[in-house]
1. So which residues in segment A:12-36 are at pLDDT 85 or above and either touching a strand residue (DSSP E or B) at 6+ places or on another chain (Cβ under 6 Å) or closer than 27 Å to A:S127 by Cα (or both), if there are any at all?
2. Can you tell me which residues in segment B:121-141 are among the hydroxyl-bearing types (S, T, Y) and in contact with a strand residue (DSSP E or B) (Cβ under 8 Å, 6 or more places away or on another chain)?
3. Quick check: is even one residue across segment B:79-91 more than 13 Å from chain A (Cβ to nearest Cβ) and surrounded by 21 or more Cβ atoms within 10 Å (Cβ to Cβ)?
4. Which residue pairs have Cβ atoms closer than 9 Å, lie 6 or more positions apart in sequence or on different chains, and pair a first residue in segment A:44-57 that is facing another protein chain (nearest Cβ under 7 Å) with a second residue that is part of a strand (DSSP E or B) and of a type in the set (D, E, K, R)?
5. So which of B:A153, B:A99 ends up being open to solvent by 30 Å² or more (accessible area, probe 1.4 Å), in contact (Cβ under 8 Å) with a residue 40 or more places away in the chain, hydrophobic (A, V, I, L, M, F, W, C) and outside any strand (DSSP E or B)?
6. Report yes if B:P139 is at the interface with chain A (Cβ under 10 Å from one of its Cβ atoms) and at pLDDT 95 or above, otherwise no.
7. Mind checking which pairs have a first residue in segment A:17-36 that is closer than 19 Å to A:T92 by Cβ and a second that is in a loop (DSSP other than H, G, I, E, B) and of a type outside the set (A, V, I, L, M), Cβ under 7 Å, 6 or more apart or different chains?
8. Identify, please: which residue in segment B:37-67 is open to solvent by 40 Å² or more (accessible area, probe 1.4 Å) and at pLDDT below 95 and is, among those, nearest to A:I116 (Cα to Cα)?
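The values are calculated or read from the model by the stated rules, or taken from the named source; none is laboratory data. These numbers were taken from a predicted model, which means no experiment stands behind them. Neighbour counts are summed over all protein chains in view; Cβ atoms, including those assigned to glycine, are modelled from backbone coordinates with ideal geometry. Remember, those area values only see protein heavy atoms, side chains included, never the ligands or the DNA or RNA. Shrake-Rupley method; radii C 1.70, N 1.55, O 1.52, S 1.80 Å.
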Protein chains: 2
Amino acid sequence: MRVEYINPFISAVQNTFKTMLDCDVHRGVPVLKEGICPRFEVSGIIGLSGLAIGTVVLSLSESVALKAASTMLMCETSTVDNDVIDAVGELTNMVAGSAKAKLSQYSLMVSLPNVIIGQNVEIRFPSNVTPISVPFTSPWGGLTLDVGLVAIAEPIAQPIAEPLAV
Amino acid sequence: MRVEYINPFISAVQNTFKTMLDCDVHRGVPVLKEGICPRFEVSGIIGLSGLAIGTVVLSLSESVALKAASTMLMCETSTVDNDVIDAVGELTNMVAGSAKAKLSQYSLMVSLPNVIIGQNVEIRFPSNVTPISVPFTSPWGGLTLDVGLVAIAEPIAQPIAEPLAV
């Protein structure tokens, strides 16, 4: 995965959390990963396809998932129920949707968001894809973003390149 | 999800296992599910997008995953390593790719296959999507197919309808 692909996803996480949840998230150092072992309990996952194919995994600690859902639903929630699952899926969908708009040269479409729940769950990518993992901190707890994206056709030429922030 | 969407995925599982692995799989009774709790340890997951969006989950018992990988790799393997993960991802990709060809009215594209590993893992769909779950038996052990698909635009008219087998 080319490292500059990750920037639109990082901005998308920060903007989505700020706009939807009034929550400031701060990113740590992105790392290349061989596989993915989400460090958190509740992970939204969504596929991307177009001139590139890929996956976005937004992995949230339970405290972040509950606070995010409580804010979106405007009522306190203390267990990971269907409403929390829908909220995490919707956040994942918004992150992927916002990033794809900035990667228009790949004409990406998003699939349906799913939410994976469990302790010690591994979410692995094909061995020929090295995803980039970005840790974030927030006042509610930790989260990570993992993105694997592979071009399968020539991108459409763009007049202005996105500046490289990573 | 409309029940007739599931037939191309059922055929795709049977044909992929027969063609790639020389393994006869027999389907049980499809059920509508509120969420998904794969009953098996190794699950391939892939997104679909186009005029419909969705997810395919192919959940394999460890014995099926190992036997399938051994057959594809033409060498015995006894642990779920990177080769097994790649083989399960590739099987999931083939099932989704084969089914999408029979659902051409939705102009579907597949995303990247991921593989989820763990005990007691839940893979949930948005609450407004009811996936169909199909159990299969095989000489190597059990597997399940779960498919959730939602039309987001009018399908392209097709001259001949697929016969309804479910």
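1. Kept after step one, since they are at pLDDT 85 or above, are these residues of segment A:12-36: A:12-32.
Of everything in segment A:12-36, those that are at pLDDT 85 or above and either touching a strand residue (DSSP E or B) at 6+ places or on another chain (Cβ under 6 Å) or closer than 27 Å to A:S127 by Cα (or both) turn out to be A:A12, A:V13, A:C23, A:V25, A:H26, A:R27, A:G28, A:V29, A:P30, A:V31, A:L32.
2. Those that are among the hydroxyl-bearing types (S, T, Y) and in contact with a strand residue (DSSP E or B) (Cβ under 8 Å, 6 or more places away or on another chain): B:T130, B:S133, B:T137, B:S138.
3. No, segment B:79-91 has no match at all.
4. Final answer for the pair search is A:T55/A:D146.
5. Residue meeting the stated conditions: B:A153.
6. So B:P139 does not fit the description; no.
7. Pairs found: A:F17/A:C23; A:K18/A:D24; A:C23/A:P139; A:C23/A:W140; A:K33/A:T130; A:K33/A:P131; A:I36/A:F125; A:I36/A:P131.
8. Step by step, filter segment B:37-67, then rank; the result is B:C37.
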